[in-house]
Every structure is written in C-alpha cells, then in structure tokens.
Amino acid sequence: MQLVMFLITLGLFLIGSFLVTYFVIPKIIKVVSYKKLLDEPNNRSSHKKVTPTLGGVAFYITIILSFFFLKKWDSDLFSLNLMVSITVLFIIGLKDDLIAISAKTKALAQILAISFLVFDNGLMTDTLGGFLGITNVNYWTYLVFVYFAIFFIINSYNLIDGIDGLASSVGIMIFTLYSIIFYLLGENYYFFLCIVIIGTLLAFLSFNLSEKRKIFMGDTGSMIIGFLIALLTFKILTYNYKIDKIDIPSENLIIILTSIISIPVLDTVRVFIIRTINKKSFFIADRNHVHHVFVDQGLSHRRATFFIVFINLIITTIIYLLSSVLNSFALLFVFLLLSVVFYMVLFYFNMKKNENQELRPNFLNKIAKTILNFFL
C-alpha cells in the first residue's frame with residue numbers, strides 16, 4: 001500500500017507539473033507575441049526566425065506552486081529560502097530577457113540568491129569523504145568553493161542553451177539521475193522536487209521542439225534551472241556520510257556528480273580556454289560551443305541534442321561502473337582522459353570547419369542516425 005501511494009504521488013507531481021507548464025506556456029507565447037518581445041536571430045543564432053522567449057516564466061510559476069505541495073516532506077523548511085532565491089533569479093532573468101542588463105548586475109543577483117541558501121547551512125559539509133585523500137575541510141575554504149561552483153554551474157547551463165531541445169534535455173537527464181540518488185537515499189523532498197522539474201522541462205521541450213509553437217526558456221529559465229542543478233549537486237554532497245549505503249564510494253561522489261553535469265561544465269571550461277588562447281573576452285559570444293560544432297557539421301538540432309546527451313550518459317555510466325573498483329585518484333584520471341578524448345575529437349571537427357574542409361558526407365550525421373535507430 002505504501003509503495004502504491006508513493007507511485008501515485010510521483011505520478012501526480014510529474015503529470016501535475018507537466019500540465020501546469022503546458023497550460024501556462026501558450027499564454028506566455030500569446031502575450032509575448034502580442035507585445036513583440038521576440039528573440040531576433042543574429043550571426044551566431046541557430047534559429048532563423050523571430051521566436052518568443054520567456055519560457056522560464058512557466059518554470060517559475062510551476063516550481064513555486066509545487067512548494068505548497070512539497071511542504072509535507074520539507075522538515076527543514078528548505079522551500080522558504082529556496083523560494084526567495086528562485087524569485088531573485090526570476091526577477092533578474094526576466095529583466096535581462098526584456099531589456100538586457102549588465103553581466104555585473106546578473107552576477108550580483110546570482111551571488112545574492114546563493115547566499116540565502118548557503119548561510120542557512122543547507123549546502124555546507126565538513127568532509128569530502130576522502131576525495132583525493134581529503135577528509136575534513138575548512139568551513140571558509142568550502143564556503144568560497146560553494147559560491148564559485150554554484151555561480152559557475154548556473155552560467156555553464158546558460159551557455160548550453162544554444163540549440164532547440166539541448167538545455168531542457170540535459171536538464172531532464174541530470175534531474176532524472178539526481179532523483180534516483182535522492183530516492184535511494186530516502187530523501188523524498190528532493191526526490192519529488194526533481195520530479196517536478198522533470199515534468200516542467202518535458203512540457204517545455206514539447207514547445208521548444210515545435211515549429212509552430214516554439215518558445216525559448218530565456219535567461220529567466222536557464223538561471224532557475226542552472227541554479228537548481230547546482231543546488232541539488234551540493235545537497236547530494238552533504239549526504240556523503242551515508243552515500244556508501246547506495247553503493248557509491250564517498251571518495252568518488254564528487255567525480256560521479258561532475259560526470260553527470262559534465263557537458264555544461266566541461267564545455268564552458270573548454271570555451272574559456274579557447275578564448276584565453278585567442279585573447280578574446282569571456283563575455284563575447286562565439287560559435288565554439290559543443291552544440292555549435294555539431295550543428296555546423298550538419299546535424300539537426302534534435303540529432304545534435306541526442307548525440308550530446310548520449311555522450312554525457314556514456315561518460316557518467318563508465319565513471320559510475322568504475323567508481324567501485326578505483327580510488328578517487330584513478331577515477332579522476334579516467335574522467336579527465338575521457339573528457340580529453342571527446343574534446344580532441346571535437347577539436348578535429350572544429351578545425352575542419354574552420355579550414356573549410358569537407359569531411360566525408362554527413363559523417364557525424366550518420367553516427368547520430370545510427371545511434372538513434374538503435375535506441376528508438
């Protein structure tokens with residue numbers, strides 16, 4: 001009976017969040033189109049016509065509503081601070097989508113949003129579980145790391161929102177894996193929160209991939225989702241004292257979590273390195289991101305998205321399977337090796353593009369099609 005009630009609750013959160021988002025988005029599209037608050041394509045855009053943005057407004061409405069139903073499992077009243085943090089990001093993201101604001105203003109808003117949760121001690125831990133031989137960690141050192149990492153993850157997620165379906169698909173993958181971890185840990189509040197976000201992103205994805213009803217999540221959406229990814233990443237780290245109970249060695253937890261969010265994080269690191277080498281500003285957009293490389297090689301948005309998510313899952317699966325037999329030093333080496341190999345292949349294709357040399361016809365397209373045909 002208890003399992004049946006649990007599954008019913010899961011279904012209600014998943015379907016409920018999907019339906020709320022699915023109902024709200026058409027209203028947003030109507031208002032945005034009427035007010036002509038549309039995203040104009042430019043030289044680095046992957047879309048060719050003006051498109052409504054502000055899909056993140058639906059995210060905010062759905063997630064805020066869900067807190068009232070999640071309070072049964074929120075013994076620490078975590079939702080209160082989380083609601084404030086998300087509201088800060090919603091306001092600044094909405095303003096940026098409407099009139100554009102400076103990077104400094106966005107950064108300050110993100111730091112403020114992080115502060116509401118960090119100083120509640122909801123994200124702090126005093127141990128890394130033996131990662132690279134580190135057990136106890138200094139409070140202030142870890143505090144600085146938390147601020148930097150959450151800020152970095154928020155903006156990394158924002159940077160992968162460049163082609164149809166990618167940001168939402170990566171988000172669905174991440175929250176699905178995190179929901180499994182929270183379920184195994186017995187943390188129902190965070191499990192159901194993940195389910196709500198999955199339902200929200202699934203509904204948005206159906207519009208984002210549509211030709212007639214397309215909408216973008218905008219900075220409003222990407223900052224909220226990126227923040228929640230970062231938040232739940234560090235929340236899982238606070239459970240490293242009992243993570244061994246679900247067959248994840250505590251010393252390898254950080255590496256496993258990094259592999260789960262590897263596409264946005266590593267792609268941002270890679271692009272920053274390229275911009276540093278080329279002596280270009282970090283704040284000037286270009287087409288060096290992984291999704292741009294795949295699209296420029298002839299993949300459709302859907303195939304590029306599937307290919308990227310598939311690669312992320314392969315890396316995560318390998319790291320998870322090896323985590324029980326390798327220590328953190330060896331596992332970190334394997335993770336970095338896999339990442340370097342992937343990006344060396346990507347660098348090769350990017351060089352071919354820059355040299356205007358043609359690869360064998362639709363080489364990446366053929367690979368993506370083969371994988372799609374195998375799984376679908």
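Just so you know, all these numbers are worked out from the coordinates, no wet-lab data involved. Quick caveat, the model's predicted, so the values are computed rather than measured. Ideal geometry is used to build each Cβ from the backbone, glycine not excepted, and the neighbour counts take in all protein chains shown.
For each of Phe192, Phe151, Phe78, count neighbouring Cβ atoms within 10 Å of the residue's Cβ, then give the residues from fewest to most.
Phe151, Phe78, Phe192
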Find how many whole Å separate the alpha carbon centroid of the stretch 191-240 from the alpha carbon centroid of the stretch 157-184.
6 Å
Residue by residue through the stretch 189-201, which ³J(HN,Hα) values in whole Hz follow from phi under the Karplus form 6.51 cos²θ - 1.76 cosθ + 1.60 (θ = phi - 60°), with glycine and proline marked x?
4, 6, 4, 5, 4, 4, 4, 4, 5, 4, x, 4, 5
Quick one: grab the alpha carbon gyration tensor of the stretch 58-201, order the square roots of its eigenvalues as a ≥ b ≥ c, and give me rounded if a/c is under 1.5, else prolate or oblate depending on whether a/b is larger than b/c.
rounded
Treat the count of other C-beta atoms within 10 Å as a stand-in for reagent exposure and order Ser102, Ser206, Ser328 from fewest to most.
Ser102, Ser206, Ser328
How do Ile25, Ile318 line up, fewest other C-beta atoms within 10 Å first?
Ile318, Ile25
